[in-house]
Amino acid sequence: MNAAALIGTTLGHLLPGPLPFRLKAWDGSATGPARGPVVVLRHPRAVRRLLWQPGELGPAMAYSCAYYTRDGQDLQAAQEAKFGLICRKLALGPGSRLLDVGCGWGALARHAARHYGARVTAVTLSERQHHWATESTTRAGVADLVDVQLRDYRDIEPTAYDAISCVEMGEHVGKDQYPAFTARLRGLLRPGGRLLVQQMSRGATAPGGGAFIETYIAPDMHMRPAGQTVDLIEGAGLEVLHVETMREHYARTIDAWHDTLRSRRAEFVSLVGRPTVRLWELYTAGSSLAFAEGRMGVDQILARRPGGRASGIRPAQWYEDLT
């Protein structure tokens, strides 16, 4: 048996389904799906890290602010805590109809289906994310509950959803388009339905994403003070129920990304080249400092469409599983 097949068989006893990434070993062998992320092991010693810390190699594929609930918590557990917090704020339960706008790689959609029994429509504009999220829902055994769609939020079929999540996608809608965006989300909610927006913010004296981010990282990004986003959500006819800052959590999240980037630098250089890796090293280091110093923030804003029957879930219940 070649090295990749042997490692893949061993990991099969640790992961809840087939390998969620392509694995290439030092002897030239490979295993796992042909499309999607690739993990390259250049030396047998790398197997030790792979087997001891499999949770760091793609099970979540979540690239947004995590939610740390205790000291020493790893990034994977913090991401799972964030998913659970979102689901409880949205009052999800068996049969709830959730629309996940800008679903990324589908981690929240899978969590909502697996742990809360929600029926999820997950929407992305990325073909790679659509392919990955579709395959991962099948591997997770929730394909009957999650429908991953490749489409723009403006083209979503009108349905009265019980809940809508939008995790760090609203920054990319655009300043002028944001009122129409929030109005569209309101129109997709049933009366009494809930909306949770997790979105980055910036102080009033430095609007937008900043020159560095807008030039090199995300040219379409626009950030504003959290209060202005609340105003826009209320302007769409939604009632804001709760606002929670997650700024300190993002500093820890980015530090974890930065540590991974530095510890596995050679692998990233082989994938995207040295200039891109240096750019992202600078971005993660600078962003961590910006969040730590309060120059940038990220917030969860929970709102509801007026009417219908209000859920009895209260804030204390959102956090009871996190203690």
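Brief remarks on what is shown
- When the residues of the range 157-170 are filtered to those that are crowded, with 22+ Cβ neighbours inside 10 Å and over 13 Å from R305 (Cβ atoms), the one that is modelled with the lowest pLDDT is G170.
- Within the range 79-130, the set of residues being polar (S, T, N, Q) and without any contact (Cβ under 8 Å) to a residue 40 or more places away in the chain comprises Q79, T124, S126, Q129.
- Condition met for V173 (buried (at least 16 other Cβ atoms within 10 Å of the Cβ) and at pLDDT 95 or above): no
- Residues that are under 29 Å from I164 (Cβ atoms), open to solvent by 30 Å² or more (accessible area, probe 1.4 Å), hydrophobic (A, V, I, L, M, F, W, C) and part of a helix (DSSP H, G or I) within the range 269-321 comprise just one, A316.
- Out of F291, F268, sole residue that is closer than 28 Å to L195 by Cα and free of Cβ contacts under 8 Å to residues at least 60 places away in the same chain: F291
- Among the residues listed as L150, L98, L90, the single one being of a type in the set (A, V, I, L, M) and open to solvent by 30 Å² or more (accessible area, probe 1.4 Å): L150
- Unmet requirement for R97, which otherwise passes all of (1) closer than 18 Å to D321 by Cα; (2) modelled with pLDDT of 95 or more: (1)
- Residue within the range 240-251 that is under 30 Å from R190 (Cα atoms), surrounded by 17 or more Cβ atoms within 10 Å (Cβ to Cβ) and modelled with pLDDT under 85 present: no
The values are calculated or read from the model by the stated rules, or taken from the named source; none is laboratory data. All values derive from a computational prediction rather than experimental measurement. Every residue, glycine among them, receives a Cβ derived from its backbone with ideal geometry; neighbour counts consider all protein chains shown. Ligands, DNA and RNA are stripped out before the accessible areas are found, and what is left, the full protein with its side chains, is counted by its heavy atoms. Shrake-Rupley method; radii C 1.70, N 1.55, O 1.52, S 1.80 Å.
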